[in-house]
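Worksheet: the structure to be examined is printed underneath.
Read-outs throughout are calculated quantities, based only on the coordinates presented, and are distinct from any laboratory measurement. Bear in mind the structure is a predicted one, so any value in this text is a computation, not a measurement. Cβ atoms come from the backbone with ideal geometry, glycine included; neighbour counts cover every protein chain shown.
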Amino acid sequence: MIAITLENFQQVVLEESKNKLVLVAFWAGQVPESVELKDKLSAKVTLFTEQIVMASVDCQTEQQIAQQFGIQGLPTAVLVKDGQPIDGVSGPQTDETISAFLDKHLPKKEDILLAQAQNLLTENKLNDAQKVIIQAYQINNERADIKLLFADVSIQLGKTDDAQALLDSIMMVDQDSYYQAILAKLELASQAANSPEIQALEAQLVAKPDYIELKHQLAAQYSQVNRHEDALQLLFRLVQAGDVETKEQSKTLFLDVLKALPDGDAIATKYRRKLYTLMY
């Protein structure tokens, strides 16, 4: 929170408000309600530092600034844009009235999360993008833009079934060019997941069902095309039933596949538990 003084008034109120909203809380120590409003507003805007600057004016020491704003009583808060007050509240406020006041001017939390997820996806930080877009989806699972980005991330993480379910829920009115692009990505991902190399290994394994090296090669191919559960299932059977050498080799590959999955991934959690149960 920036304490506004005569020295920084122009920088904060006039210059900074050209780039972001500036929320100014006027307060005085002898008016507890004004301190309470200042603190509540500060807590509410914590998530919106890219959109809003929180500032305060101590009316005991900065009376001239309070007069410039025409403050007649406390508690009072004023929202400034381009150097001009555009909205404000006065008198004691509840959490509900504060939220209603700010909601008129701030983006919704899911909008911020969506933008963050888009940036992370652009940077190819897929696991981080997944965590963020899931949060946005949990807040609003009806918005097409959130579902489309969620599907995009899911495809790139190999969760094609999840992506398909998300795309199936998109209304026709929202099936825009981004939807079509993701649909095409899903088709390519589905083809890659059953590549000729995988089909050839599967066919060889039918002919030689006890060939351990073939199973290891197939598990590696599954993992490369994001068929992680297929890989883990195949390797876990070897860890369960193989000889000592086979178990150790398979366990090493099994752990490598797990490491490739993001923290909190449901498949990773499931197979870590299975391995723990088997070992202990």
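A few remarks follow.
- Amide H to amide H, with H built 1.01 Å from N, Ile2 comes under 5 Å of Met54, Ala55, Ser56, counting only residues 5 or more places away or on other chains.
- In degrees, nearest ten, helix 266-279 long axis to first principal axis of the chain (Cα): 50 degrees
- Applied to segment 100-105, the Karplus parametrisation 6.51 cos²θ - 1.76 cosθ + 1.60 on θ = phi - 60° returns per-residue 3J(HN,Hα) values of 4, 5, 6, 4, 5, 10 Hz, with x for Gly and Pro.
- Rounded to the nearest 500, the 222 nm mean residue ellipticity of the chain from helices alone is -18500 deg cm²/dmol, with -39,500 (n - 2.57) taken per DSSP H run of at least 4 residues.
- Segment Gln164-Thr269, extension gain: residue separation times 0.36 nm, minus the distance between their alpha carbons: 35.5 nm
- Packing here is the average count of other Cβ atoms within 10 Å per residue, and on that basis the peptides 150-157, 99-106, highest first, run 150-157, 99-106.
- Loop GluC sites (Glu not before Pro), segment 5-53, which have at most 14 other Cβ atoms in a 10 Å radius of their Cβ (DSSP): Glu7, Glu50
- Taking max minus min of the alpha-carbon positions on each principal axis, the chain gives extents of 89, 48, 31 Å, largest first.
- 3J(HN,Hα) couplings calculated from phi for segment 26-32 with the Karplus curve 6.51 cos²θ - 1.76 cosθ + 1.60 (θ = phi - 60°) are, in sequence order, 9, 8, 8, x, 7, 10, x Hz; Gly and Pro show x.
- Cα centroid separation, segment 212-235 to segment 135-173 (Å): 26 Å
- Three-way shape label, segment 2-103, alpha-carbon gyration tensor, a/c 1.5: oblate
- Neighbour net charge for Ile155 - beta-carbon separation under 11 angstrom, K R +1, D E -1: -2
- Calculated on the Cα set of segment 109-192, radius of gyration then Dmax: 11.7, 36 Å.
- Label-to-label distance, Glu15 versus Ser99, with points set 7 angstrom from Cα along the beta-carbon direction: 3.7 nm.
- Our estimate of slack between Tyr178 and Val244, defined as 0.36 nm per intervening residue step minus the Cα-Cα distance, is 18.7 nm.
- Where the Cα pairs of segment 196-279 fall when distances are cut into 5 Å bins, in %: 3, 16, 28, 24, 18, 9, 3, 0
- Using 0.36 nm per residue and subtracting the Cα-Cα separation, the extra length available between Asp145 and Ile86 on full extension is 18.2 nm.
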